[in-house]
Every structure is written in C-alpha cells, then in structure tokens.
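Working notes for the structure below.
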Amino acid sequence: FAVIASSAQAQSAPLPYKSSHQSVGVVSCGSTLCHGSIRTVADSNVLQSEYVTWTRLDKHARAYSILFSAQSKKIAKNLGIKSAHEERLCVDCHAHAPPPALRGERFRVDDGVSCEGCHGPAQRWLPAHVERGATHSRNIEHGLFPTDDAVQRAQLCLSCHLGNRDRLVTHRLMGAGHPRMSFELDTFTVVEPAHFKVDSDYAKRKRLWDGVQVWAIGQAIAVSQTLELLTDPKIGRDGFFPELVFFDCHACHRSMRSGRWAPRADGVNLGPG
C-alpha cells in the first residue's frame, strides 16, 4: 500500500480546487444537447443525461444546501461562527468554491459540489471536448480531471471525505456536531450513483479497474494521507494534545448519533471537542 500511495502522489494531476483555470458553472453543461437530456441518447458515446442524474440523485448536488440546515446552524453556533454557508471551513468541501477571480459569469457556488468540483474548472476543456476528433487524453491536457483513474479519484474524494493539508474535519469540528467521516472508495463509487456507462467505447477511451483494485487503492491513499497529516506539526497537534480526529472516536466516546455536547455547567468553556 505504501508503494502504491507514494507512486500516486508523484503522478497526480492538480486537484480541481487547485486549478488556475476559470470555473464556468453547471449551467454550461446542462443543455439538453449536452448533458441535460432527461433520457439517455442511443447513438452517443456518452449518456448525455449526466446533469439530470446529478441533479436528481447525487447528494453532491445538495451539499451546499445542507449548510442551511438546523444541524449546520447548531454546529456553527457551537464553533462561534456566524453562518456555515459563509465559512470557508464548511464551503470548501460542501461546494466547488474557487477564488472570486476564477468564477465565470454563470458560476454559482450554491450549485454545491458541481461538475467542475470533480471534473475540474472547464474554461479550457469545455470547448475542447466537443471539437471534432476530441480525445479523453486531449481533454485531460486541457484541464479535465481524470476521475476515471482510480488513484487520482481516490486523492480527489479523500481530499474532502478524509481531509488533507488544505481542508480537514478536525476533532474540534466533530465535537461541535459534524457527522463522523467515513469513506471507502469502491463502495462510494458504486452508490454515488454513476452517471456513465462502462461499455466497449468507455474501455477504448479510458482505463478499467475492478472493485478489488479500487478498494485497495482507496485504502492505500487513505493510509498515506492520514500518516502525512498525523506527522505534520502544523496539523497533527491541537495545542498540547495530538489532533484526536486521527484516532478511533469510540475508544473514548459513546455513539456520535446523540450529539450531546454542551458548554460545561461550571462556566469553563473548553469549546467543542
């Protein structure tokens, strides 16, 4: 696993949130002639219903709206922040939120974890991928993130579902009421749900992985990333204590479903966690 993980780190494309390209917005992909058809198109090498699947069935589309829920408001209150939907700590993973200078006219942060949050800002690859003779490798050269590559998909997914040096659900955030982070690449890939079809055309254009490979790669990247964070002196400690999010929650706590944290009655405020 360590060999797989170290090799993957060396070959990674920039994650979408680190791209220097402009994000043009979900609406740029949602035309019925592109990816917004209500049914799959028979003679196309892509389903063309991807936008509809994402909108109707994919929880990524509702990731930003969750920040307005009662639970999110409670977490924000416990952390002493004004509102979750305006806090980068929350928005960085609950939406695709590039810097203002890289947001096109049709971009909306309330689209949540949108097309560009996974496939990369589309300024360059959007026009290129509809050109005559366009290829998957050429699209990647123009900034499309290679989600078909299980190694790079693991790094992308785990950047939010586990965390990295840029964004991490800490023990303090969990103490405030954030749900426990739980992720396994193969399972999440299967249940997302898929907005693509693995057929002979897909096999010609992209690399195929079986479930065991995807599971093993996901585990290896998670171990590598956890150790990297744990040994980082800026992240691996919370004052005198180690950053406890890297340890097993239930070694110290009851079930996290109860969400019973509250300020101490004696007036001592140690904060969530």
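Go through the range 14-68 and count every residue that is open to solvent by 40 Å² or more (accessible area, probe 1.4 Å) and among the hydroxyl-bearing types (Ser, Thr, Tyr). Show your work before the answer.
Of all residues in the range 14-68, those open to solvent by 40 Å² or more (accessible area, probe 1.4 Å) come to 14, 17-18, 20, 22, 27, 31-35, 38-43, 45-47, 51, 55-57, 59-60, 62, 65-66, 68.
In the following step, the residues that additionally are among the hydroxyl-bearing types (Ser, Thr, Tyr) were identified as 17, 20, 31-32, 40, 51, 55, 65.
Looking only at that region, the number is 8.
Looking at THR226, THR189, can you tell me which residue is over 30 Å from LYS77 (Cα atoms) and either under 24 Å from the mean Cα position of the chain (by Cα) or not in a helix (DSSP H, G or I) (or both)? First the steps, then the outcome.
Values: THR226 fails: over 30 Å from LYS77 (Cα atoms).
THR189 is the lone residue from the list that is over 30 Å from LYS77 (Cα atoms) and either under 24 Å from the mean Cα position of the chain (by Cα) or not in a helix (DSSP H, G or I) (or both).
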Inset, instruction - Go through the range 81-113 and give me each residue that's in contact (Cβ under 8 Å) with a residue 60 or more places away in the chain, within 15 Å of HIS178 (Cβ to Cβ) and of a type outside the set (A, V, I, L, M, F, W, C). - result: ASP92
Inset, instruction - Of the conditions (1) buried (at least 19 other Cβ atoms within 10 Å of the Cβ); (2) of a type outside the set (Ser, Thr, Tyr); (3) modelled with pLDDT under 95, HIS85 clears all except one; give me its number. - result: (3)
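Per-residue answers, yes or no, for (1) touching a helix residue (DSSP H, G or I) at 6+ places or on another chain (Cβ under 6 Å); (2) at pLDDT below 85; (3) open to solvent by less than 90 Å² (accessible area, probe 1.4 Å):
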| position | (1), (2), (3) |
| --- | --- |
| PHE188 | no, no, yes |
| PRO193 | yes, no, yes |
| LYS197 | no, no, no |
| ARG207 | no, no, no |
| GLN213 | no, no, yes |
| GLY236 | yes, no, yes |
| ARG257 | no, yes, no |
| ALA262 | no, yes, yes |
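This table checks each residue for (1) among the basic types (Lys, Arg); (2) touching a strand residue (DSSP E or B) at 6+ places or on another chain (Cβ under 8 Å).
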{"site": "LEU230", "(1), (2)": "no, yes"}
{"site": "ASP238", "(1), (2)": "no, no"}
{"site": "GLU243", "(1), (2)": "no, yes"}
{"site": "ASP248", "(1), (2)": "no, no"}
{"site": "ALA251", "(1), (2)": "no, no"}
{"site": "ARG254", "(1), (2)": "yes, no"}
{"site": "PRO272", "(1), (2)": "no, no"}
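State yes or no: is GLU243 farther than 22 Å from ASN45 by Cα and touching a Gly at 6+ places or on another chain (Cβ under 6 Å)?
Yes; evaluated as a whole, the condition is true for this residue.
Please verify whether ASP210 is charged (D, E, K, R) and in contact (Cβ under 8 Å) with a residue 40 or more places away in the chain, treating the condition exactly as stated.
Details: charged (D, E, K, R): yes; in contact (Cβ under 8 Å) with a residue 40 or more places away in the chain: no.
No.
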Legend entry - Selection within the range 131-171 - touching a residue at least 12 places away in the same chain (Cβ under 8 Å), farther than 22 Å from GLN213 by Cα and among the hydrophobic types (A, V, I, L, M, F, W, C): ILE140, LEU144, LEU168, VAL169
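How about the range 56-82: which of its residues are closer than 20 Å to PRO263 by Cβ and part of a loop (DSSP other than H, G, I, E, B)?
So in the range 56-82, the residues closer than 20 Å to PRO263 by Cβ come out as 70-82.
Passing the criteria: GLY80, ILE81, LYS82.
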Legend entry - helices (runs of 4 or more DSSP H) fully within the range 101-177 counting 1 or more residues that are open to solvent by 20 Å² or more (accessible area, probe 1.4 Å) and of a type in the set (A, V, I, L, M): 125-128, 136-141, 150-161, 171-175
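The values are calculated or read from the model by the stated rules, or taken from the named source; none is laboratory data. Model, not experiment: these values are computed from the prediction. Heads up, the Cβs are rebuilt from the backbone with ideal geometry, glycines too, and the neighbour counts pull from every protein chain shown. Ligands, DNA and RNA are excluded from the accessible area calculation, which covers all protein heavy atoms including side chains. Shrake-Rupley method; radii C 1.70, N 1.55, O 1.52, S 1.80 Å.
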